[in-house]
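Everything below concerns the one structure shown next.
No lab work stands behind these numbers, since they all come straight from the coordinates. These figures come from a predicted structure and were not determined experimentally. All Cβ positions, even for glycine, are placed from backbone atoms using ideal geometry, and neighbour counts span all protein chains on display.
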Amino acid sequence: MNRHEKSTNAPSLLRNRFLQTILLSSVLLQIGIWVRNFAILLYVADRTNNDPYAISLISVAEFAPIFVFSFIGGTFADRWRPKRTMIWCDLLSAVSVFAVLLTVHYGSWHSVYLVAFISAILSQFSQPSSMRLFKYHVAEEQLQQGMALFQSLMAIFMVLGPMLGTFVYSTFGLETSIAIMGVVFLLSALVLIRLPEDNLKPKTDAAKGQFRKEFIEGFRYVWNSKVLRMLGLAFILAGLAVGVAQALNLFIVTERLGKSKEFLQYLLMVNGAAMLIGGGVVAVFAKRVPPQLLLAIGMLAGAVCTVIVGYSTSVPLTLTVQFLNGLVFPCIHIGISTMILKWSHTSIVGRVNGVLNPMFVGMMVVSMSFAGALKDAFSLGTIYSGAGLLFFLGALVMVPIMNQKAPDHAYAAQET
């Protein structure tokens, strides 16, 4: 019996020291990320006069390294001590942010893309380490509720983040915004020192060539699991849909709704407020609903709402649809995270995450890269209809595995 199984008698999820610490760290990181996102978006829009290629490049800079480094990061996360890995990643992120700040100060404004680029690389080592600790320190029956708590935190910042990011950039400018990001990464590293110890030993005695073997093992593990295979396909379809919609959000605001680019924050705030409510609702019912069904519901809602947003020229209608989409969106995040944790053994969860995550992010990068060209060739309504169709196909992918049960022993995730 491992430490994870022993923890099943924990009386309250919120009394879990690991969860308390990781939530506080996440709050700090979310502050930095939202200030960064809006500072870079508004700054690049100002410098390039709303050039769609320059704006879509922000998303490419943020997500492209995830596709490249997630495979490697997931493998190393299974080899290294997760607590130490997370602390070092936050420290190195802070150092890189201050280095970029100096570059920006002395005249190279294009280096703002590096802020997103470098922190995205380091997150690929930190995030799977966090997943390993989550599976280790949180009881099996509390996993889905734990993920719902994380979703609620993300939703809070979907509401507060745009306001915070726009306020900081408008009031203090780009350099202060970047500096704030560096400071919160340092604070997060200090908070993570409080993480409880674990028995997840680093693999220091691994033979030469062992990394390659473990790297391949992650792909084999996913391929041998029907559930994880289908999840990978759903990731690809959702990534293509989310990428193009996210990259062109600014043009929904400026062209379809006829508002200034600053209005984007209100669109995101409405969506985030709904996500907060939806996350709470899902947390209550999480134990009774299979994660596959949660994911399918979220994708179906995403399909309908994406199409409507693409065609709507009414501000009230678009805001209403964004609210409804946000209400159901937590189903996607919670469903995916729970499936990865329940169908993966503790010793390999980092690699499973490292294999599946790039499928989503890689397709996001592909669709973001083509977003500018698509915008020139097609109307926003046509593009968003295509994104909605991809969401619908992602929901259909869940049908063959809808009745699959999570294995009693996590290592038995490799179904026949």
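What to note about this one:
- A dipole drawn for the chain from +1 and -1 charges on Cβ atoms has a positive end, and of F391, A116, F150 the residue lying farthest that way is F150.
- From phi via Karplus (6.51, -1.76, 1.60), per-residue ³J(HN,Hα) for segment 229-237 in Hz, x at Gly/Pro: 4, 5, 4, x, 5, 4, 4, 4, 5
- Backbone HN-Hα couplings from phi across segment 303-309 [Karplus 6.51/-1.76/1.60, Hz, Gly and Pro as x]: 4, 5, 5, 5, 4, 4, 4
- Under the convention that each Lys and Arg Cβ holds +1 and each Asp and Glu Cβ holds -1, the size of the dipole of the chain around its Cα centre is about 980 debye.
- Which listed pairs, of K83/K261; K135/K213; K83/K342; K213/K375; K135/K375; K213/K342, have C-alpha distances above 32 Å, in listed order: K83/K261; K213/K375; K135/K375
- Along segment 91-99 the Karplus relation, 6.51 cos²θ - 1.76 cosθ + 1.60 evaluated at θ = phi - 60°, assigns HN-Hα couplings of 5, 5, 4, 4, 4, 5, 5, 5, 5 Hz to successive residues, with x for each Gly and Pro.
- Centre separation in Å (Cα based) which lies between segment 135-172 and segment 20-78: 15
- The residue among T318, L190, L42 whose Cα reaches farthest toward the positive pole of the charge dipole of the chain, with charges on the beta-carbon of Lys, Arg, Asp and Glu, is L190.
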